[in-house]
1. Can you pull the semi-axes for the range 170-211, root of five times each eigenvalue of the Cα gyration tensor, sorted largest first, whole Å?
2. Given N236, T196, S226, which one lies farthest toward the positive end of the charge dipole of the range 174-238, if we put +1 on the Cβ of every Lys and Arg and -1 on the Cβ of every Asp and Glu?
3. How many lysine pairs does the chain hold where the Cα atoms are under 25 Å apart and the two sit 8 or more places apart or on different chains?
4. In Å and whole numbers, how far do the C-alpha atoms of the range 87-158 stretch along each principal axis, longest first?
5. Mind checking the alpha-carbon convex hull of the range 1-128 and giving the volume per residue in Å³?
6. Out of (1) 50, 42, 33; (2) 61, 39, 36; (3) 68, 45, 29, which label holds the value of Cα extents along the principal axes in Å that was computed here?
7. Compute the projected area of the convex hull of the Cα atoms of the range 147-228, averaged over all viewing directions, and report it in nm² to one decimal place.
8. So what is the calculated 222 nm ellipticity per residue for the chain, using -39500 (n - 2.57) for each DSSP H run with n of 4 or more, over all residues, to the nearest 500 deg cm²/dmol?
Amino acid sequence: MRTFFISDLHLHSGRPDLTRALLHFLNSTAKQCDRLYILGDLFEAWIGDDFIPEDLQPVVDALNTLSRSGCEIFFQHGNRDFLVGKRFAELSGVQILGDSEIIKLASGPALLMHGDQLCTDDHAYQALRQQLRNPQWQQAVLTKSVTERLEMAKQLRMASETQTAGKSTEIMDVNQQAVREAMTEANCDLLIHGHTHRPAVHSLEQGQRRIVLGDWDSSGWYLDASEQGEQLIQFNIN
């Protein structure tokens, strides 16, 4: 059983190179795996399944093609695409996961998260996250027009960029106590997540490991997990 993991592609119309890179990945590299996990922020913004931007339709189609070929694809919400829902799952062939999932790899059980819930030192973000993940708030947003939702997404991105510029890198990283608590609760010695855009393999106490997936920009990243272990792979997207 070979499993790939990706996250934080932040696909949007302003970066067609990222969309091309993902399509190439799905149509070639991903065919080597049995399972593909997308751990959040596949899209820079997702305003609801009733509006699929024309330039992102090929991504939905490529995911569906890969799924129909026999590869199981799993999707975990990020802080940018929390409105991905059942209709997207039906169209793309992905299975939507919860915020925390435990899976089995050859090396043992692994805890999967997007990772933003581990950044507990960023109190302002955690308050916003609680609002964005509230089902009632999401339903209220989805009743708005596409134009209104696009404007909301724009405003959220601008606010995020402004707030991020004023925060220290330490605040925006995971809290180590939160990591320990999550791994202890899950009874897992391996945690795989994205969100922080700091790709690395961290060795923790008592043989535990935390693997951080990289974001896609000038390079792409994926984690290859097989009988031989886990390998974090970087590649040029151009």
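The values are calculated or read from the model by the stated rules, or taken from the named source; none is laboratory data. Note that this is a predicted model, so its numbers are computed, not measured. Positions of Cβ are generated from backbone atoms using ideal geometry, with glycine treated the same way; all protein chains shown enter the neighbour counts. Surface areas here come from the heavy atoms of the whole protein model, side chains and all, with no ligands, DNA or RNA. Shrake-Rupley method; radii C 1.70, N 1.55, O 1.52, S 1.80 Å.
1. Numbers: eigenvalues 56, 28, 16 Å².
Semi-axes (√(5λ), whole Å): 17, 12, 9.
2. Of the options given, the answer is T196.
3. Numbers: K31/K86; K31/K104; K86/K104; K86/K144; K86/K154; K144/K154; K154/K167.
Lysine pairs meeting both conditions in the chain amount to 7.
4. For the range 87-158, the Cα spread along each principal axis is 47, 37, 22 Å.
5. Details: hull volume 14.4 nm³, N = 128.
So the per-residue Cα hull volume is 113 Å³.
6. (1)
7. Working: hull surface 33.2 nm².
Taking a quarter of the hull surface, the average projection is 8.3 nm².
8. Working: 7 runs with 80 residues, N = 238.
My calculation for the chain gives -10500 deg cm²/dmol from helical runs alone.
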